[in-house]
Amino acid sequence: MDEQHDDDEQMDDQSTTANDDLYGGLPVRQQNAIIALVNEPTIAQAAKTAEVGERTLHRWIREPTFSKAYRSARRESFSQALSLAQRYTPLAVNTLAKLISDSMTPASSRVSACMGILKFGRDSIEIDDLQARIENLERATSESSRRTWG
């Protein structure tokens with residue numbers, strides 16, 4: 001089956017879609033392969049879904065342009081997942097608060113809920129602190145560059 005798909009690849013024209021920015025001008029077949037790689041649990045399944053040979057897909061993954069587009073698609077996919085998770089954050093915190101407040105909730109569950117809220121709070125403070133430190137460093141670097149170069 002790989003040989004057939006490898007032959008098909010040679011016949012593949014260099015047509016592209018409107019997603020040229022995301023996929024770096026890759027041919028449609030390679031764009032479809034990237035979509036399959038992002039959505040399927042294995043390379044073998046991605047190759048099957050994209051209707052390309054597994055060897056072809058492995059070879060494409062080693063190509064710098066394809067690899068860069070694949071990493072970009074993975075970042076985009078993960079970014080969308082994070083956005084979805086952020087939308088549910090208030091609900092999650094409210095649910096944890098209800099568990100903590102409900103005396104009928106088993107103690108182990110209440111402890112886990114407390115730990116989750118404490119970790120979330122600590123992480124939020126750490127992120128705020130890191131953001132402030134980065135802003136201060138950027139400001140100091142910018143001021144230093146202005147003094148050095150005029």
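Each reported figure results from applying straightforward, stated rules to the coordinates on display, with no laboratory input. Please read all numbers here as calculations on a predicted model, not as lab measurements. All Cβ positions, glycine included, derive from the backbone under ideal geometry; neighbour counts span all protein chains shown.
Observations
- Proximal lysines to residue 48, defined as alpha-carbon separation beneath 21 angstrom and excluding residues fewer than eight positions away on the same chain: none
- Residues residue 119 and residue 48, FRET efficiency given R0 of 30 Å [Cβ-Cβ distance, rounded to 0.05]: 0.15
- Our coupling estimate for region 44-58, obtained by passing each phi through the Karplus curve with A = 6.51, B = -1.76, C = 1.60 and θ = phi - 60°, is 4, 5, 4, 4, 4, 4, 7, 6, 10, x, 5, 4, 4, 5, 4 Hz, Gly and Pro reported as x.
- Placing pseudo-labels 7 Å out from each Cα toward the beta carbon at residue 126 and residue 80 gives an inter-label distance of 3.0 nm.
- Two-site FRET efficiency, residue 135 against residue 94, from Cβ-Cβ distance with R₀ of 25 Å, rounded to 0.05: 0.20
- Evaluating 6.51 cos²θ - 1.76 cosθ + 1.60 at θ = phi - 60° for every residue in region 125-131, the Karplus couplings come out as 5, 4, 5, 4, 4, 4, 4 Hz, glycine and proline recorded as x.
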